[in-house]
Amino acid sequence: MGEVNRRRFFKRVGAAGALGGAALLGKAEPLLAQTGHHANGMQRASHGGMGAVGEVDHEANGFDPLEILTDFDGGEVSKDLSGRTVREYEFVTVDKEIEVAPGIFFPAWTYNGRVPGPTIRATEGDRVRIKLVNASGHPHTIHFHGIHPAAMDGVPGAGEVDPGESFTYDFIAEPFGTHLYHCHSFPLAQHIHRGLYGAFIVDPKGGRPDANEMVMVMNAFDTNFDGENEIYAVNTIAFAYMNNPIEIQAGELQRAHIINITEFDPINSIHLHANFFDLYRTGTSLRPDEFTDIISMGQAERHMIEFTYAKRGHFMFHAHQTEFVDLGWMSAFQVV
């Protein structure tokens, strides 16, 4: 076995997970036994694709990646004295073990018990109020990408919340676009990598054309805490949309908000098979910036893409880093 392959083999075997930095190889043994020489739990699935052996228990996790795709949260809506729309939320930080691939568990830090956290959706000019309640054992924040006062920046000294305490972020949603939020407490890599992030979608005042909309958060997990990721995914669960392809309608406009929050890797990417898409960089324009079939993204970079499949069939989409594909970032649309 060559040295590169040896490192990759042990990296994949080491994807058993860790609590307090101790490898839980025993949790991966049933996965390895089912997959034979595929040490990372892959198997050849139908349509020539790849998938994981077994199923993640989404009910035990408390969230389902198929539901996260379209679970836009408009908050509790009211009007202030000026007539401005106000959207209110409550986020609770909770430490929680989640299953990120069949038999592979990860000690996550979460907003409202899910990774990624709730998808906040507002219209440009709305007032957004988010109460953060810290029910964990570490200080946490919510830092929003967008425009807001310094006191609402969600960093140490401006909105950081100690265990047992709370803080309410209050700002106007602007500019319109595909944005994100994440914890900005230190050490930053630890707080982001553990799962404290989510999508923040701000619609233009005039809206956009009707489309089937989805949120795809590209993330990864260093399950043995060695500073390298062993699991890659969209919306947390490895091979989630390969084992259960996303069903879309032929001829219908699709709009996907793509966010990269992958820690420990400088770049991630997304490529659509047998199709091209209109790319709206950061979602801050009403006109596309580019027509392509692949984009590369650094951490916290996000874009909106629009595409239509004219014909029915099974079409892959995935990262174009082969290792990411091998370790979970492989997905598919089922066009009906």
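For the reader, a short list of remarks on this structure follows.
- When restricted to residues that are in contact (Cβ under 8 Å) with a residue 60 or more places away in the chain and either within 24 Å of residue 315 (Cβ to Cβ) or over 16 Å from the mean Cα position of the chain (by Cα) (or both), region 281-302 contains 5.
- Filtered residue count, region 249-258, keeping only those that are without any contact (Cβ under 8 Å) to a residue 60 or more places away in the chain, in contact with a strand residue (DSSP E or B) (Cβ under 8 Å, 6 or more places away or on another chain) and assigned to a loop (DSSP other than H, G, I, E, B): 2
- Verdict on residue 39 being within 23 Å of the chain's Cα centre (by Cα) and modelled with pLDDT under 85: no
Here is a yes/no grid of residues against (1) in contact (Cβ under 8 Å) with a residue 40 or more places away in the chain; (2) crowded, with 21+ Cβ neighbours inside 10 Å:
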site: 127; (1), (2): yes, no
site: 136; (1), (2): yes, no
site: 157; (1), (2): no, no
site: 163; (1), (2): no, no
site: 167; (1), (2): no, no
site: 179; (1), (2): yes, yes
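- The residue of region 89-132 that is farthest from residue 328 (Cα to Cα), among those that are among the charged types (D, E, K, R) and either assigned to a loop (DSSP other than H, G, I, E, B) or at pLDDT below 95 (or both), is 126.
- Only a single criterion out of (1) buried (at least 21 other Cβ atoms within 10 Å of the Cβ); (2) without any contact (Cβ under 8 Å) to a residue 24 or more places away in the chain; (3) of a type in the set (Gly, Ala, Ser) is not satisfied by residue 108, namely (2).
- Residue in region 190-207 that is touching a residue at least 12 places away in the same chain (Cβ under 8 Å), touching a strand residue (DSSP E or B) at 6+ places or on another chain (Cβ under 7 Å), under 14 Å from residue 92 (Cβ atoms) and assigned to a strand (DSSP E or B) present: yes
- Tally of residues being assigned to a strand (DSSP E or B), in contact (Cβ under 8 Å) with a residue 40 or more places away in the chain and under 21 Å from residue 142 (Cα atoms) across region 69-88: 5
- Residue in region 215-228 that is closer than 14 Å to residue 325 by Cα, hydroxyl-bearing (Ser, Thr, Tyr), buried (at least 21 other Cβ atoms within 10 Å of the Cβ) and modelled with pLDDT of 95 or more present: no
- Scanning region 275-292 for residues that are surrounded by 15 or more Cβ atoms within 10 Å (Cβ to Cβ) and within 20 Å of residue 335 (Cβ to Cβ) turns up 275, 277, 278.
The values are calculated or read from the model by the stated rules, or taken from the named source; none is laboratory data. These numbers come from a predicted model, not from an experiment. Here Cβ is always computed from backbone atoms with ideal geometry, including for glycine, and neighbour counts include all displayed protein chains.
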